[in-house]
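Asks: Please find one structure pasted underneath; my questions will follow.
Values in this text are rule-based calculations from the coordinates and carry no lab data. Note that this is a predicted model, so its numbers are computed, not measured. Neighbour counts are summed over all protein chains in view; Cβ atoms, including those assigned to glycine, are modelled from backbone coordinates with ideal geometry.
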Amino acid sequence: MSSEHFSLAARLKARLAHLGQDYCVFARSGRDFAVSVSAAHEVLAGEAATPVPQAPAALVGVLNLRGEVLPLVQLDSLLGMPPRPYAAGNQIVVVSSDEIGDVGVVVDGVRDVCSIDPKEITPCPAGEPGHRLCRGDWRGPTGVVAVLDAEKLVAEAVKTVSLCFQQRLSGHYGGTPGPAGAVSMSNE
């Protein structure tokens, strides 16, 4: 094997290993979050959500994404933060799970795509909102970024929405109204 071939193979191997360390960094409610670019398939802007009758607060609505129904979820609700209404200026990060499929996550805006060394990710404090969905915190150039586990995020979104619908069907849902100024997606 020539040294040139070995060098190319080594560079390709290093680049492939590095791809799993690239993250889409986005903001929501004054905090920065990140999800692996291998799970963040695309970013949408200016999309109108179709409301789902009697939907829980976590489900903003659905979108038609190239003929597929994409559920649009509130990151706030999933992370235990005060919910904010979906606004025209919000962006949507389409996050995929190998096991479940895609969900659209409402964010204020995507800030960057950057490389994060796994050794630089520290455990999230137990009391931090959404710590159960975090892989850890990373100290970036603009401050602390909560690195989310995409599989857990999508699973939590589906579980939360499904559970609320099941409770409503059984008559055991004591839902709470949304924040002032929120567009109601329910028939409460």
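Asks: In nm, give the distance between the simple-model label positions of K152 and R66, each being 7 Å from the Cα along the Cα-to-Cβ direction.
Replies: Between K152 and R66, the label points sit 3.0 nm apart.
Asks: Can you give the extra length, in nm with one decimal, that the chain gains between S29 and R139 once fully stretched, where that is 0.36 nm per residue apart less the Cα-Cα distance?
Replies: On the way: separation 110, 0.36 × 110 = 39.60 nm, distance 1.80 nm.
Roughly 37.8 nm would be gained on extension.
Asks: Turning to a different aspect of this structure: How large is ³J(HN,Hα) for each residue in region 99-116, as worked out from phi by the Karplus curve 6.51 cos²θ - 1.76 cosθ + 1.60 (θ = phi - 60°), to whole Hz, x for Gly and Pro?
Replies: Along region 99-116, the couplings run 7, 10, x, 9, 9, x, 10, 6, 10, 6, x, 7, 9, 5, 10, 9, 8, 10 Hz.
Asks: Once Lys and Arg get +1 and Asp and Glu get -1 on their Cβ, which of I116, H41, A157 lies farthest toward the positive end of the dipole of region 21-172?
Replies: Ranked along the dipole, the leading option is A157.
Asks: What does the extension gain come out to for S162 and V110, with contour length at 0.36 nm per residue minus their alpha carbon separation?
Replies: Values: separation 52, 0.36 × 52 = 18.72 nm, distance 2.75 nm.
Computed gain between S162 and V110 is 16.0 nm.
Asks: Calculate I(q)/I(0) for region 20-170 by the Debye formula, one identical point scatterer on each C-alpha and no solvent, and give its log10 at q = 0.18 Å⁻¹ to two decimals.
Replies: Taking Cα atoms of region 20-170 as identical point scatterers yields -1.06.
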